[in-house]
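Have a look at the structure below, then the notes.
The values are calculated or read from the model by the stated rules, or taken from the named source; none is laboratory data. This one's a predicted model, so the numbers in the text were calculated from it and none came from an experiment. Positions of Cβ are generated from backbone atoms using ideal geometry, with glycine treated the same way; all protein chains shown enter the neighbour counts.
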């Protein structure tokens with residue numbers, strides 16, 4: 001009798017631990033943006049128009065073990081300049097034809113405060129994978145006018161583009177880089193709870 005009770009308890013713990021809440025990125029209310037310095041004196045901003053993402057959490061209210069899986073279409077890069085976008089898709093930058101996707105798959109989440117997290121995982125660009133950590137802020141959870149549960153997050157990170165073989169570079173007359181090496185990435189996600 002005791003052995004049976006122990007087995008039932010173990011199964012209960014297992015299924016409770018493995019139960020996860022699924023969320024999907026609401027692309028109509030989300031964005032993935034980046035910025036990089038130009039000629040040392042200004043910044044150029046851009047975004048990706050096409051991406052998919054799923055997030056899992058312990059529950060609709062507990063994000064302490066948040067896991068994220070994001071896939072971005074490189075060809076959707078947009079900086080409001082067709083000539084620049086074509087250059088970015090070329091072999092001097094993203095090689096979009098050869099490497100059509102940028103992916104991030106989280107490995108761990110560390111809760112810092114009730115509203116902030118450190119989300120670590122693998123970021124892959126041009127088939128090069130590096131361990132990175134995003135600073136994540138949880139903006140809250142609410143119901144939309146149709147009764148759907150939504151949660152909002154902002155994630156940010158800075159990466160060195162040369163780490164991912166985004167190698168194009170030339171110098172100004174003063175010796176500074178035309179395009180900076182540091183790329184700031186800001187991700188705003190509105191998530192929809194999957195029923």
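Tabulated data for the structure shown
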| read-out | value |
| --- | --- |
| Residue match in the range 49-67 (condition: touching a helix residue (DSSP H, G or I) at 6+ places or on another chain (Cβ under 7 Å), in contact (Cβ under 8 Å) with a residue 24 or more places away in the chain, more than 26 Å from residue 111 (Cβ to Cβ) and buried (at least 16 other Cβ atoms within 10 Å of the Cβ)) | no |
| Qualifying residues in the range 123-145 (those that are touching a residue at least 60 places away in the same chain (Cβ under 8 Å) and closer than 19 Å to residue 194 by Cβ) - the one surrounded by the fewest Cβ atoms within 10 Å (Cβ to Cβ) | 141 |
| Qualifying strands (runs of 3 or more DSSP E) (wholly inside the range 24-124; at least 1 residues being modelled with pLDDT of 90 or more and under 22 Å from residue 143 (Cα atoms)) | 31-38, 51-57, 67-73 |
| Residue ID - modelled with the highest pLDDT, chosen from residues in the range 166-195 that are over 26 Å from residue 137 (Cα atoms) and surrounded by 16 or more Cβ atoms within 10 Å (Cβ to Cβ) | 166 |
| Residues located in the range 68-84, provided they are touching a helix residue (DSSP H, G or I) at 6+ places or on another chain (Cβ under 9 Å) and either closer than 22 Å to residue 148 by Cα or surrounded by 18 or more Cβ atoms within 10 Å (Cβ to Cβ) (or both) | 74, 77 |
| Scan of the range 23-34 for residues that are touching a strand residue (DSSP E or B) at 6+ places or on another chain (Cβ under 6 Å) and surrounded by fewer than 18 Cβ atoms within 10 Å (Cβ to Cβ), ordered by number | 24, 26, 29, 30, 31, 33 |
| Close pairs from the range 90-101: first at positive phi, partner assigned to a loop (DSSP other than H, G, I, E, B), Cβ under 6 Å, at least 6 apart | 95/126 |
| Hits in the range 43-61 - residues which are within 14 Å of residue 22 (Cβ to Cβ) and more than 11 Å from the chain's Cα centre (by Cα) | 56, 57, 58, 59, 60 |
